[in-house]
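J.: Right, I'll just put the structure down here and ask away after.
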Amino acid sequence: MSNINNYGVDMSSKSLAELSFSAVKELSDEVATTCSGGSASIYRDVNYKGGGIKYFNGDSNLVDNNFNDETSSIIITGNERWRFYRDINYSGPSVTLGPGRYSFVANVGIPNDWISSLRRL
C-alpha cells in the first residue's frame, strides 16, 4: 500500500473521513437511478403528447399527481423493466414492460387510461 503523503495529501491534522477527493462526488438519488436504471415517462395522449411525468423509481398513487387513469403512451429508458398496475399501491392486475417506446398502451396489453401506479423492478 502506498503512502498517501506521496500524493500531496496533508494527513497531519485530518482523519480519512475529513478528506475531500475531487474525483469522488456524491450523486443525487435521481442521477444515480438514471445512471443505473433509466426512467419511465408516462403521457396523457398517444404518441407521447398531452403532457407527461418522468419517474426514476415509481409512484404508488398517481391520484396524487392528477395522473390516475390518464396514461396513453410510455417511454422507458435504461435497462430495467417497469410494472404498471391498474390500482394504487401497486395492486390489481399489472403489465410489465422493458425498455422501449410505446406510442399507445393498448398495443402492448394495457387498456387506455388504466394505470394507477407504477414501479421500476
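The values are calculated or read from the model by the stated rules, or taken from the named source; none is laboratory data. Just so we're clear, the structure is a prediction, and the values are computed from it rather than from any experiment. Ideal geometry is used to build each Cβ from the backbone, glycine not excepted, and the neighbour counts take in all protein chains shown.
J.: Give the number of residues within segment 67-112 that are under 14 Å from residue 48 (Cβ atoms), of a type outside the set (Val, Ile, Thr) and free of Cβ contacts under 8 Å to residues at least 40 places away in the same chain. Spell out the reasoning first.
T.: From segment 67-112, those under 14 Å from residue 48 (Cβ atoms) are 70-77, 100-105, 107; that's our starting set.
Checking which are of a type outside the set (Val, Ile, Thr) leaves us with 70, 72-73, 100-104, 107.
If we keep only those that are free of Cβ contacts under 8 Å to residues at least 40 places away in the same chain as well, we get 73, 100, 102, 107.
The qualifying residues number 4.
J.: Which residue pairs have Cβ atoms closer than 8 Å, lie 6 or more positions apart in sequence or on different chains, and pair a first residue in segment 50-66 that is within 15 Å of residue 86 (Cα to Cα) with a second residue that is acidic (Asp, Glu) and surrounded by 14 or more Cβ atoms within 10 Å (Cβ to Cβ)?
T.: Correct list of pairs: 62/70.
J.: A further question follows. Exactly one condition in (1) small (Gly, Ala, Ser); (2) within 19 Å of the chain's Cα centre (by Cα); (3) loosely packed, with under 15 Cβ neighbours inside 10 Å is false for residue 109; which is it?
T.: Condition not satisfied by residue 109: (2).
J.: Something else: Just checking, how many residues over segment 17-76 are assigned to a loop (DSSP other than H, G, I, E, B), acidic (Asp, Glu) and either modelled with pLDDT under 95 or surrounded by fewer than 17 Cβ atoms within 10 Å (Cβ to Cβ) (or both)?
T.: Initial filter on segment 17-76 (assigned to a loop (DSSP other than H, G, I, E, B)): 19-28, 38-39, 56-57, 60-61, 66-72.
Restricting the remaining residues to those that are acidic (Asp, Glu) gives 26, 69-70.
Filter once more, keeping what is either modelled with pLDDT under 95 or surrounded by fewer than 17 Cβ atoms within 10 Å (Cβ to Cβ) (or both): 26, 69.
Total meeting the criteria: 2.
J.: Hey, does segment 82-98 have a residue that's within 18 Å of residue 39 (Cβ to Cβ), of a type in the set (S, T, N, Q) and in a loop (DSSP other than H, G, I, E, B)?
T.: no
J.: For residue 115, are the conditions met, namely being in contact (Cβ under 8 Å) with a residue 60 or more places away in the chain, on the phi < 0 side of the Ramachandran plot and aliphatic (A, V, I, L, M)?
T.: Criteria met by residue 115.
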